[in-house]
Structures are given as C-alpha cells and as structure tokens.
Amino acid sequence: MTTLRTKLDFTEQDEKAVSLKKTLIGKGGATSSLAAALPKPKEKTPIAGAFQVREVVKQTEFRRFYDRGDLPLQVAFDGANRKVQWKVHFDKLDYHHYLPIFFDGIREKDEPYKFLARQGTYDLLAKGGNKILPVIPQLIIPVKTALNTRDPEIVCEMLKVLQRLVVSGKMIGEALVPYYRQILPVFNLLKNKNINIGDKIDYSQQKRLNVGDLVDETLELFEIHGGEDAFINIKYMIPTYESKVLR
C-alpha cells in the first residue's frame, strides 16, 4: 500500500509541476506580489524649442573667401578706431559676386570676420546705387539662413541690414515682396519677443538689440517701400500685423 501511495503522490506532484510550467511559459518566470507598486516618474512635457539657437555647421562663404585672400578689403586703424579699407573702388566691384558673400558673413561672430562682414555690407549698400536691385534674388538664401539661426545677435544684425537694404535704392522694397514667404515666417515667430521688465529701463532699445522692436521697424519699412501689394502679403504671413500707413 505504501508503494501505491508514493506512486500516486509522485503523479500528483508531476501534474502540478507540468501545470506550473504551462502557466509560466512566455512570462520569464514572473512572480506575483502583494507589495505596492513603485511610483513611476512623471514624464516631462517635451519642449518645442522654437526659440532655441540653431547652429549652422557649414562655414560661411565670407570666411572661406577672406582666408583665401580673395576679398578686396582689410582692417585699417584711424587712431584707436577700426575701419574697413577697400583695395578696389566700388564702381569696379561685381555686386553679383561680392554682395551675397558679405550678406552670408553676417552670421560670423568671430573677429575680424564679424567686423569686416558687417561694416563691408553697410559700405556696399551705401555705395551700390543701381547695382543692388539685380542682386536681390541672390540675397534671399543668406538672409533666410541668418534668420533661421534664431540667434538674437545675428537676427538683430540681419534686421538692421534689411532696413538699410530697403532704403538703399529705388524699387528694392518692391523687389522683396515676392520673397516674403521665405523671410517673414521668422518675423512672425519673433514679433512679440520683447523683454518684460516692468518699470525698469531697457537699455537694449538704445543699443537696438531688442528683437521685437526691430521686427516692427523692419515690417514698417517693408510696407512703406514695398508698393501696393506689400501690406496684403505681410498680413498673409503675419496675421497680427497692423498697417502703419493706412491709419
């Protein structure tokens, strides 16, 4: 009798073991517990990063040409003041070649490239006259690249250059109207980027480093010098813009 009982006991144990294996197949030997589950860390809301500075890995054309010695200018000193010394008269310069290079150099933040590119751009716009208008299509890509960096220093400098560009010759403001769809999206993003400091003094206005104010000034010049279709196109890209002329 004892032998029979032991055999029966073995068969019952074997059946339990087989059923246990079946329940744990594919579960990696999972175990059950009555302990409270550990609290899961809350996931942070992802940041869109619309205003984050975007670095452009590609080297500027201005730096490449300057290092190669292909630009007809150099830094000169008048006492303690720096100035740009041109080696060629402006009448002999090919604006189709040089002006886009200088516009691309607005992105530079290292010296002497920064000073030469920015001051050289203002000199070319001041002396260009009728040579500037045919070059407008070639300037759009450097302008768009500089604005898309979202770097406050670069954006402010490019806005100042655009203001100077619009008033540097006839029909230039109207020639820019077809390219508003490429330029103005960043304007719409940065239009309200002002500093809320209460009743304190904002010295960036005096230094012209306030992005929101510069965007408003640039849009006003675009509307004034852009002809009849300027306001409609600006309003299409920036719905919150209010006319400065139709008041």
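Tabulated data for the structure shown
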| quantity | calculated |
| --- | --- |
| Proximal charge balance of SER168 [Cβ under 12 Å; K/R count +1, D/E count -1] | +3 |
| Gyration tensor (alpha-carbon) shape descriptor, region 57-178, a/c threshold 1.5 | oblate |
| Cα-based Kirkwood hydrodynamic radius, region 94-247, one decimal, Å | 16.0 Å |
| Rounded to the nearest 10 Å², the accessible area of ASP94 at probe 1.4 Å | 80 Å² |
| Packing-based ranking, highest mean first, of 137-145, 97-105, 66-74 given that Cβ atoms within 10 Å are counted | 97-105, 137-145, 66-74 |
| Rounded to the nearest 10 Å², the accessible area of LYS244 at probe 1.4 Å | 70 Å² |
| Semi-axes of the equivalent ellipsoid for region 84-141, Cα gyration tensor, largest first, Å | 18, 15, 8 |
| Long-range amide H partners of ASP151 with built H, under 5 Å | ARG54 |
| Apportionment of accessible area to carbon and sulfur, region 37-176, percent (1.4 Å) | 52 percent |
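The values are calculated or read from the model by the stated rules, or taken from the named source; none is laboratory data. All values derive from a computational prediction rather than experimental measurement. FYI the Cβ positions are ideal-geometry reconstructions off the backbone, even for glycines, and counts take in every protein chain you see. With ligands, DNA and RNA removed, areas are computed over all heavy atoms of the protein, side chains included. Shrake-Rupley method; radii C 1.70, N 1.55, O 1.52, S 1.80 Å.
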